[in-house]
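One structure is given below, encoded as structure tokens.
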Amino acid sequence: METIKMKNYFFMDMGIMLIRSMRHVFRSLDTIITVTIMPIAMMLLFVYVLGGAIKTGTDKYVNYLLPGILLVAIANSAGYVSYRLFLDKQRGIFERFHSMPIARSAPLWGHMLTSLVSNVISLIVIILVALLMGFRSSAGILSWLAIVGILTLFTLTLTWIAAIAGLSAKSVDGAGVIAYPIHFLPLISSAFVPTKSMPSGVKAFAEHQPVTPIVETIRALLYNQPVGNQIWVALAWCITIMFCAYLFAMRVYKKRL
């Protein structure tokens with residue numbers, strides 16, 4: 001009975017931390033622009049300006065592009081997770097919370113859940129805009145559930161990586177620097193153009209980094225195509241990196257506080 005009560009208190013504490021962090025997100029115009037508006041602007045640019053010059057073998061470039069844009073939106077949010085964690089650490093917010101009768105890990109998990117919830121909202125808006133641009137999918141319910149699962153794993157993976165940076169950084173600039181390599185990966189992948197059109201060295205990198213199998217899996221699920229081994233490669237990348245990042249982030253969190 002005591003264990004059940006402790007679990008209930010933990011989830012209540014985590015819910016309060018989630019509400020607190022979500023308020024910060026909705027009050028930050030910069031976050032909304034970067035996480036939602038910028039990916040939409042990128043999608044408009046690629047479809048209506050560059051799309052006609054890119055050969056992907058699909059009837060509509062927006063259909064090819066959307067999976068990559070979704071990952072870009074998630075990648076954009078990682079820098080803000082790191083930034084907000086750094087500010088809480090710098091201002092002594094975690095110590096204040098730990099002086100209260102709440103679960104010690106609840107403040108950290110509040111940031112993790114905020115990343116998930118805010119990304120869900122952002123991705124829904126992006127998909128709605130893509131529908132207005134002509135995006136269509138033949139995916140069934142199970143395929144969409146699989147897509148949601150993969151995007152959730154990808155979000156948690158990047159969020160835990162961002163947590164390491166935010167908790168370890170010595171300055172605001174140090175906390176935000178994690179965003180640059182994360183942004184780099186979708187650009188050199190099959191997110192925007194097929195890898196077969198790339199030079200051999202770039203192609204080798206693009207085909208053996210985490211983003212390409214994730215993009216290819218989502219793309220196949222959207223259009224009821226065989227996913228092959230790509231889904232297992234995508235899951236292996238996400239689960240392995242997320243598990244390692246989680247362990248390291250929790251270690252840093254406990255050490256710093």
Self-check item: Hits in the range 119-144 (condition: in contact with a helix residue (DSSP H, G or I) (Cβ under 6 Å, 6 or more places away or on another chain), of a type outside the set (A, V, I, L, M, F, W, C) and over 13 Å from PRO67 (Cβ atoms))
Solution: ASN119, SER122, GLY134
Self-check item: Conditions (1) over 16 Å from LEU70 (Cβ atoms); (2) open to solvent by 70 Å² or more (accessible area, probe 1.4 Å): number failed by GLY176
Solution: (2)
Practice problem: Take ALA73 and decide whether it is over 16 Å from ARG136 (Cα atoms), loosely packed, with under 15 Cβ neighbours inside 10 Å and small (Gly, Ala, Ser). | Solution: no
Self-check item: Residues (touching a residue at least 40 places away in the same chain (Cβ under 8 Å) and either open to solvent by 40 Å² or more (accessible area, probe 1.4 Å) or of a type in the set (A, V, I, L, M, F, W, C) (or both)) located in the range 188-202
Solution: ALA191, PHE192, VAL193, SER197
Quiz item: Considering only residues of the range 205-235 that are open to solvent by 50 Å² or more (accessible area, probe 1.4 Å) and of a type in the set (A, V, I, L, M, F, W, C), which is farthest from VAL148 (Cα to Cα)?
Solution: PHE205
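Within the range 153-173, restricting attention to residues that are of a type in the set (S, T, N, Q) and more than 14 Å from TYR83 (Cβ to Cβ), which residue is surrounded by the fewest Cβ atoms within 10 Å (Cβ to Cβ)?
My answer is THR157.
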Practice problem: Please work out which one of (1) in a helix (DSSP H, G or I); (2) open to solvent by 40 Å² or more (accessible area, probe 1.4 Å); (3) touching a residue at least 60 places away in the same chain (Cβ under 8 Å) is the condition ILE102 fails and give its number. | Solution: (1)
Quiz item: Scanning for something open to solvent by 50 Å² or more (accessible area, probe 1.4 Å), modelled with pLDDT of 85 or more, over 24 Å from LYS255 (Cα atoms) and not in a helix (DSSP H, G or I), does the range 127-137 turn up at least one residue?
Solution: yes
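The values are calculated or read from the model by the stated rules, or taken from the named source; none is laboratory data. Remember, predicted model here, so these are calculated numbers, not experimental data. Glycine gets a Cβ as well: all are built from the backbone with ideal geometry, and neighbour counts include every protein chain shown. Side chains included, ligands, DNA and RNA excluded: accessible areas come from the protein's heavy atoms. Shrake-Rupley method; radii C 1.70, N 1.55, O 1.52, S 1.80 Å.
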